[in-house]
Each structure stands twice: as C-alpha cells, then as structure tokens.
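K.L.:
For reference, the structure I am asking about is given below.
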Amino acid sequence: MRTTTPGFILLVRDRKDSDTSMRVGFTVTKKIGGAVVRNRMKRRFRALAREIVTSKGFAGSDHVMIGRAKGIEREFGQLRAELAGALDKLRRL
C-alpha cells in the first residue's frame, strides 16, 4: 500500500509471516539536500515513527517513509498530522 503527502511518501507492506512486530525504514535522497539536511529529516522521521507508527501502524508490516523536498520545510506538527492521516487512509483501504 502506498500514500503520498506533501512531506513524504509512505509505503506499507505486509510481510505475511507470523511475526507481528512493526518495522520502520527511512530514505532521503541526495536530491533533498546535503548530509546535514538529510540527517535532520531522518531524525524527524524517527521521532514521528516512535510517536505515531507504534500506535497506528499495521502489525506484521514494514513501513517505509521516503522524504520529499517539501518535507524539511514543514512544521513537525504538520508532519505528525500527515502521518496519522496517511495511516488512517491506508487502514480504510
């Protein structure tokens, strides 16, 4: 499953195994900016994942957040709302 927000793209894939743990991965390409910018964005994604994915994520699935250029400019609260909304949207599918 896939959904797009202004700050990131979220991919969720069911592993189809007996493990119910949720795994999270992040990727931010060099197109976004230099190492400092990319690392800052990944730190923000990690904080979001700890806060949102643990409660709203899909059990037994891999969650991948792909950074987009506008993601670094967005307020953390906006990213939080976008991630929660994206997971809710995928749950409805």
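The values are calculated or read from the model by the stated rules, or taken from the named source; none is laboratory data. All figures in this text were calculated on a predicted structure; none of them were measured in a lab. Ideal geometry is used to build each Cβ from the backbone, glycine not excepted, and the neighbour counts take in all protein chains shown. Side chains are part of the model used for accessible areas, which takes the heavy atoms of the whole protein and leaves out ligands, DNA and RNA. Shrake-Rupley method; radii C 1.70, N 1.55, O 1.52, S 1.80 Å.
K.L.:
For segment 61-74, name all the residues that are modelled with pLDDT of 95 or more and more than 13 Å from residue 5 (Cβ to Cβ).
P.N.:
Result: 61, 62, 63, 64.
K.L.:
Yes or no: residue 5 at pLDDT 95 or above, of a type in the set (Val, Ile, Thr) and surrounded by fewer than 18 Cβ atoms within 10 Å (Cβ to Cβ)?
P.N.:
Here the answer is no, as residue 5 does not meet what is asked.
K.L.:
Moving to a separate point now. Would you mention how many residues in segment 78-93 are surrounded by 14 or more Cβ atoms within 10 Å (Cβ to Cβ) and among the basic types (Lys, Arg)?
P.N.:
Result for segment 78-93: 1.
K.L.:
Give the residue that is farthest from residue 26 (Cα to Cα), with candidates limited to residues of segment 44-76 that are touching a residue at least 60 places away in the same chain (Cβ under 8 Å) and open to solvent by less than 70 Å² (accessible area, probe 1.4 Å).
P.N.:
Only one residue fits best here, namely 74.
K.L.:
Okay, moving on. Which ones in segment 8-36 are aliphatic (A, V, I, L, M), farther than 16 Å from residue 84 by Cα and either open to solvent by 40 Å² or more (accessible area, probe 1.4 Å) or within 10 Å of the chain's Cα centre (by Cα) (or both)?
P.N.:
Scanning segment 8-36 gives 35, 36.
K.L.:
Among the residues of segment 77-93 satisfying the criterion of being among the aliphatic types (A, V, I, L, M), in contact (Cβ under 8 Å) with a residue 60 or more places away in the chain and in a helix (DSSP H, G or I), which is farthest from residue 8 (Cα to Cα)?
P.N.:
Taking the candidates together, the pick is 90.
K.L.:
Related question: Kindly indicate whether residue 59 is of a type outside the set (S, T, N, Q) and outside any helix (DSSP H, G or I).
P.N.:
In short, yes.
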